[in-house]
Each structure stands twice: as structure tokens, then as C-alpha cells.
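Down below is the structure, laid out as C-alpha cells.
The values are calculated or read from the model by the stated rules, or taken from the named source; none is laboratory data. Fair warning: this is a prediction, and the values are worked out from it, not measured in the lab. Heads up, the Cβs are rebuilt from the backbone with ideal geometry, glycines too, and the neighbour counts pull from every protein chain shown.
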Amino acid sequence: MKMTLHIDDSLLEKAMSLAGVESKTAAVDLALREFVRRSELVRVLSTGLEMTPAELRELFDPNYDLEAERSKEAPVTTYGGKTRTRR
């Protein structure tokens, strides 16, 4: 089935560049797939994964300490010539 679409050329070229694809068809296909993926994600998150609050709480380890895990990593980063570590 052949169809005609009227799409802004500069927008399509930018999308192709950002996505790293070489064809207009690939860019449009990728954009549509991403739109559907995001819409499904919003739907799932808005329903709370169709789980009760108690069921959602069971998904997470109550002993997990995010700050402790972050402090173990302590990545070194450079900003403006100064070296810093995460605190």
C-alpha cells in the first residue's frame, strides 16, 4: 500500500540525523514505534502496573540504601578544570 505524507523536510532530516538512520522510512518507522512505546509506558504507569500499593511495595528491597550505593561509586568528574568526586 502506497501513501503520501506531507512532512517538514528539515524536521525529517533532523530526526534522521538524531536517530542515525539513512532513510526517511526508517526515521518515520522509528518515530512511530517510539510514540507507541511512550504512550504504552504512560498508560502502564498511570494504572500503577495494575497492582495494589502493597504489591508495589513488595517489588522493592526495603534494605536497599541508594545513598550508600552512590557513595561506593564516587565517580571523579571534571568541571571547569577542577576535579570533584560525588559526595
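When L30, L56, L41, L45 are screened for being among the hydrophobic types (A, V, I, L, M, F, W, C), assigned to a helix (DSSP H, G or I) and modelled with pLDDT of 95 or more, only L30 passes. A count restricted to the stretch 26-54 and to residues that are of a type in the set (S, T, Y) and within 18 Å of the chain's Cα centre (by Cα) stands at 2. Taking the numbered list (1) aliphatic (A, V, I, L, M); (2) assigned to a helix (DSSP H, G or I); (3) modelled with pLDDT under 85; (4) surrounded by fewer than 10 Cβ atoms within 10 Å (Cβ to Cβ) in turn, M1 passes all entries but (2). Starting from residues that are among the charged types (D, E, K, R) and in a helix (DSSP H, G or I), keep the ones in the stretch 4-27 and report whichever is surrounded by the most Cβ atoms within 10 Å (Cβ to Cβ). Going through the qualifying residues, I end up with K24.
Exactly one residue among V28, V44 is out of contact with any strand residue (DSSP E or B) (no Cβ under 8 Å at 6 or more places or on another chain) and under 30 Å from D9 (Cβ atoms), and that residue is V28.
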